[in-house]
Amino acid sequence: MFRAIAGITLMSLSAFAIASADKPGEGVKVQPVQSNIAEETFQTLLVAKALEELGYDVASIKAVDYSAAYAAISNGDATFLAVNWDPLHSAMYNNAGGDEVFFRQGKYINGAAQGYLIDKKTADAYAIDNIGDFKDPKIAKLFDTNDDGKADLTGCQPGWGCEAVIEHHLDAFDLRDSITHNQGQYAAIISDTITRYNNDEPIFYYTWTPYWVSGVLIPGKDVVWLEVPFSSLPYDDNADTRLANGKDYGFQINSERIVANREWSEKNPAAAKLFSIMELNIHDVSAQNMMIREGEDSEKEMERHADAWIKAHRKTWDGWLEQARAAAE
């Protein structure tokens, strides 16, 4: 009788050990944060779902301004941000404590571009290919929507980081008297811009990838990228923003990286490993963003998008989880 009980106990302990190895994060709480940009939810959901499969108790995503997200992670009120734009967010990252307080390894999404564009019709008609061309009052007037003689740029929402680069460019390229940087809720102001395009009016705007705008206004077909007179960035005095083909659109190619609280990450090697190895194709994000643009923007629908991606990439997904579990042993 004793032997039977002992056998049952040993089997139970063995099963418990297997369960723990399978879910190394069991009982550990996780608080994801992201910006208010709905198009970044997909990236955050995928990380959250991977953590859940590792046993972590993942809370609902909190949407906050980027600067607040970095502060919350730094002081331990939040666990991770899946959309650290590197190097665009360098100032916010460093001001909140930098590498001493944050864990950041690997690159979640590569090849994120951004810059200025105008409609191709106007670009071809007036041979405009550089934002420096806006110094010509006649060129600036083409994009004037309120009759003040200055071109109206559909710009960057305050607090995103890109607004600092645009403001810097207006000074560096001596364009203050030629361009008005219009800011506000980006989704609203870019929708107005697209309406003007559909009404056959000239347009001038800032955007980035991955995002749905370049799927609606297609570069090379509907719109063209503008180069800048020279490389100049507010967070790097020696920055070179030229691409391999010699084109210079004024912004460095960014990576989206997962940033987590360092102390928490060191206590949770499975999660830290996961953060360092997850990689997402930028085109997959743009495709999901287009579904949001087409109306699939509810929490339920975005959950479905993430689940569909996992199902389609299950082998890769399981490989990430396997490596994460091994790191916890």
Check: Amide H of TYR116: which non-local residues (sequence gap of 5 or more, or other chain) have their own amide H closer than 5 Å, using H built in the peptide plane?
Finding: LEU226
Next item on the list: List, in order, the whole-Hz ³J(HN,Hα) value for each residue of the range 195-205 obtained from phi through the Karplus relation with A = 6.51, B = -1.76, C = 1.60 and θ = phi - 60°; use x for Gly and Pro.
Entry: 4, 4, 4, 5, 8, 6, 9, x, 9, 9, 8
Next item on the list: Would you list, by chain and number, the lysines whose Cα falls below 22 Å from the Cα of LYS267, excluding same-chain residues fewer than 8 positions away?
Entry: LYS23, LYS29, LYS49, LYS107
Next item on the list: Please work out, to two decimal places, the log10 of the ratio I(q)/I(0) at q = 0.11, 0.13 Å⁻¹ from a Debye calculation in which every Cα of the chain carries one identical scatterer.
Entry: -0.75, -0.98
Notebook entry, point to check: Using modelled backbone amide H atoms (1.01 Å from N, in-plane), which distant-in-sequence or interchain residues come within less than 5 Å of SER231's amide H?
Noted result: THR241
Item checked: Relative contact order [Cα under 8 Å, 6+ residues apart], the chain, whole percent -> 25 percent
Item checked: Long-range HN-HN contacts of VAL83 with modeled amide H, under 5 Å -> VAL259
Check: Residue by residue through the range 21-31, which ³J(HN,Hα) values in whole Hz follow from phi under the Karplus form 6.51 cos²θ - 1.76 cosθ + 1.60 (θ = phi - 60°), with glycine and proline marked x?
Finding: 5, 6, 10, x, x, 4, x, 9, 7, 10, 10
Notebook entry, point to check: Going toward the positive end of the dipole of the chain, with +1 on Lys and Arg Cβ and -1 on Asp and Glu Cβ, which of PHE173, SER20, SER60 do you reach last?
Noted result: SER20
Next item on the list: Give a residue-ordered list of calculated ³J(HN,Hα) values for the range 52-58 (Karplus: 6.51 cos²θ - 1.76 cosθ + 1.60, θ = phi - 60°; whole Hz; x for Gly, Pro).
Entry: 4, 5, 8, x, 5, 8, 8
Checklist line | 19 Å Cα-Cα reach of LYS247 towards lysines, excluding residues that sit fewer than 8 places from it in its own chain | finding: LYS120, LYS221
Check: Taking only Cα atoms, what is the 0 to 90° angle, nearest 10, from helix 314-327's long axis to the longest principal axis of the chain?
Finding: 60 degrees
Check: So what's the net charge close to THR241: Lys and Arg +1, Asp and Glu -1, counting the other residues with Cβ under 12 Å from its Cβ?
Finding: -2
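Let a ≥ b ≥ c be the square roots of the eigenvalues of the Cα gyration tensor of the range 114-225; is it rounded (a/c under 1.5), or, if not, prolate (a/b larger than b/c) or oblate? Mind showing how you got there, number by number?
On the way: a/c = 1.41, a/b = 1.03, b/c = 1.36.
Taking the square roots of the gyration eigenvalues as a ≥ b ≥ c, the range 114-225 is rounded.
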Notebook entry, point to check: Which aspartates and glutamates does LYS141 reach when only Cα atoms under 12 Å apart count, and residues fewer than 8 places away in its own chain are ignored?
Noted result: ASP133, ASP152, ASP177
Check: Once the dipole of the chain is set up with Lys and Arg at +1 and Asp and Glu at -1 on Cβ about the Cα centre, which of PRO137, LEU321, SER74 lies farthest towards its positive end?
Finding: LEU321
Next item on the list: Just rank SER298, SER231, fewest to most, by other beta-carbon atoms within 10 angstrom.
Entry: SER298, SER231
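Laboratory data are not the source of any read-out in this text; all were calculated from the coordinates shown. Predicted model only: the values in this text are computed from it and were never measured. Reconstructed Cβ throughout: ideal geometry from the backbone, glycine too, with neighbour counts over all protein chains shown.
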